[in-house]
Amino acid sequence: MHETIRKKFIKLIKEHGLEGEEVIVRAATLSTEQAIGNPEDKDYPIVKGVERLMQAEFRGSRGQAFTDRYGNFSGRLADIAAMDLKNNFRRAIFISSLNAVMRHLGLIAKTVHCKDNQPRECSHELAKYIEENYGEPRVAMVGFQPRMVEVLAKQFELRVTDMDQDNIGQEKFGLRIGGPNQTEENLNWCDIAVVTGTTIVNDTIDQFRITKPVVFYGITISGAAKLAGLNCFCPLGS
């Protein structure tokens, strides 16, 4: 998946005459308040400190990506497009920069995370979206987004897996959270998969190239979804 996106990104850069420019793209981790504001709920991964948002800026446009490996970076756009994507830190730089460039070019509109109590509103929008498009499906959710789990569990048959060891095996909103080893079983069981967009950064996304409907959620995968023709749900990002 990454190499397919890279080729399309490089082609995009060339088509817009950006490949030869000495453009600096800076990626810096955001504080919790900068990233998500001050939501009433405090159980989001970014509030707990499990993940951070990397933010790239390109000609005044911002692109973000969640990652568990973060730090500061600066470099030419051409170098980032050709970067060896060997770990989550490098992939977060690449994906956040991709989002910023595509936002600048007007190809995508949602590249900055929603804030305050918008994640709760987003969860209700997701439940409405699923019902309107898929009826009453069995839902396999990948990535424990607490408000989404809270809302979806009330309306649909739901199974959830997560990579955070603090969540695995715990009961949340009446559901026991499974680990990554249970994802394949859940995908076989479900009618639709709802998958965190951070799978494009942690390099697990190929697991979800399945024949069943897959909805990727969040701003991280915004640009990659556009290039790869994936279904991306992010109604309240900016």
Please list 3J(HN,Hα) in residue order for the stretch 77-85, calculated via the Karplus relation 6.51 cos²θ - 1.76 cosθ + 1.60 where θ = phi - 60°; whole Hz, with x for glycine and proline.
4, 4, 5, 5, 5, 9, 4, 6, 8
³J(HN,Hα), Karplus 6.51/-1.76/1.60, whole Hz, each residue of the stretch 65-72, x for Gly, Pro
7, 6, 7, 9, 10, 9, x, 9
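Which order results if ARG120, ARG176 are arranged by neighbouring Cβ count within 10 Å, fewest first? Spell out each step's value before the answer.
Working: ARG120 18, ARG176 12.
Final ranking by Cβ density, sparse to dense: ARG176, ARG120.
Could you put TYR217, TYR134, TYR70 in order, starting from the residue whose Cβ has the fewest other Cβ atoms within 10 Å? All intermediate terms of the calculation are to be shown ahead of the outcome.
Working: TYR217 25, TYR134 15, TYR70 20.
Fewest-to-most ranking of TYR217, TYR134, TYR70: TYR134, TYR70, TYR217.
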Candidates MET148, MET102, MET163: whichever shows maximal mean-square fluctuation once the chain is modelled as a Gaussian network with Cα springs under 10 Å:
MET163
Across the stretch 185-196, in residue order, what do the Karplus-derived ³J(HN,Hα) couplings come to in whole Hz, using 6.51 cos²θ - 1.76 cosθ + 1.60 with θ = phi - 60° and x for Gly and Pro?
4, 5, 5, 5, 7, 7, 9, 8, 10, 10, 10, 4
What does the C-alpha gyration tensor say about the overall shape of the stretch 118-233? Classify as rounded when a/c is under 1.5, otherwise prolate if a/b is larger than b/c, or oblate.
rounded
Once the principal axes of the Cα atoms of the chain are found, what is the range along each, listed largest first in whole angstroms?
53, 38, 31
When the charge dipole of the chain is computed with +1 on Lys and Arg Cβ and -1 on Asp and Glu Cβ about the Cα centre, the Cα farthest towards its positive end, among TRP189, GLN207, GLY71, belongs to GLY71
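Would you mind ranking LYS226, LYS14 by Cβ crowding within 10 Å, fewest neighbours first?
LYS14, LYS226
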Other-chain or far-sequence residues with amide H under 5 Å of THR220's (modelled H):
PHE66
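Could you tell me what percent of the DSSP beta bridges with both partners in the chain are antiparallel, to the nearest 5? All intermediate terms of the calculation are to be shown ahead of the outcome.
Numbers: 17 of 33 bridges.
Looking only at bridges with both residues in the chain, the antiparallel portion is about 50 percent.
Per-residue ellipticity at 222 nm for the chain, helices alone: DSSP H runs ≥ 4 residues times -39500 (n - 2.57), over residue total, nearest 500 deg cm²/dmol? Walk me through the numbers on the way to the answer.
Details: 9 runs with 86 residues, N = 238.
Result for the chain, helices only: -10500 deg cm²/dmol.
FYI, it's all coordinate maths here, none of it is from the lab. Worth saying up front: this structure is predicted, and the values here are computed from it rather than measured. Reconstructed Cβ throughout: ideal geometry from the backbone, glycine too, with neighbour counts over all protein chains shown.
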